[in-house]
Amino acid sequence: AVCVLIDESGSMSGRNKIDRAQEAAIFLNEALKKQSDIQLFIYGHTADHHHGGETNIQVYREPGHYAPYALSDVRARSNNRDGTAILTCAKRVRKFTQDPVVFVVISDGYPAASGYRSYEHGIEHTAKAVKRVESTLNMQVIQIAIESMDSSKMFRHFIALTDMKTFPTEFVGFLRKKMNSMIKEHITL
């Protein structure tokens, strides 16, 4: 299975970052939707949009919920509580499948929300959520970093999205390698 989580925070509005995130999500949706052996989940997230302390998840694609042009609604909204969004979506995916999951987070790497006492606290919270998802939910988390700061503080696996022209080839190769590795691990267990 593949899960895509899009950062829809306000910081994504600058320098066309949200447009690149949307293009990457559309590419993944188009490339994977015809693969009958791959379950595809696509979500967006923002925080504190209506009330401080809340994390909002937008469902773009999951079993029983798919609209062909839903990804046209991807946009920069408010804050982002990345750790909470990652953990929430991972648990949601686990309600549908127990298969190994490649969990793709498309973001600019700036967690900032009510309750994150500092930028460092947001990074620490996100890193803990990623470790928990990988260790307890059998998911491989990969960040597609759009002009990100140091992704290695939060993610063990990440790709810098610098050029949409080369992204499809680079990402498909990376995804194929990760999925093959996960399949081999699953078979040998």
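The values are calculated or read from the model by the stated rules, or taken from the named source; none is laboratory data. Note that the structure is predicted; figures quoted are calculated from it, not measured. Neighbour counts run over all protein chains shown; Cβ positions are idealised from the backbone, glycine included. The protein model used for the area step is the full one, side chains on, heavy atoms only, and it has no ligands, DNA or RNA in it. Shrake-Rupley method; radii C 1.70, N 1.55, O 1.52, S 1.80 Å.
Some notes on this structure:
- Qualifying residue in segment 121-136 (condition: touching a strand residue (DSSP E or B) at 6+ places or on another chain (Cβ under 8 Å), surrounded by fewer than 21 Cβ atoms within 10 Å (Cβ to Cβ) and among the polar types (S, T, N, Q)): no
- Residue check for ASP99: open to solvent by 10 Å² or more (accessible area, probe 1.4 Å), without any contact (Cβ under 8 Å) to a residue 60 or more places away in the chain, acidic (Asp, Glu) and over 17 Å from ASP48 (Cα atoms): no
- Filter pass, LYS91 being free of Cβ contacts under 8 Å to residues at least 60 places away in the same chain, closer than 30 Å to GLY64 by Cβ and not small (Gly, Ala, Ser): yes
- Condition check for SER11: in contact (Cβ under 8 Å) with a residue 24 or more places away in the chain and either open to solvent by 20 Å² or more (accessible area, probe 1.4 Å) or over 20 Å from ILE146 (Cα atoms) (or both): yes
- Evaluation of ARG92 against (1) surrounded by fewer than 16 Cβ atoms within 10 Å (Cβ to Cβ); (2) over 23 Å from PHE158 (Cβ atoms) (one fails), failing number: (2)
- For PHE174, the conditions (1) modelled with pLDDT of 80 or more; (2) under 25 Å from GLN98 (Cβ atoms); (3) open to solvent by less than 60 Å² (accessible area, probe 1.4 Å) are fulfilled apart from (1).
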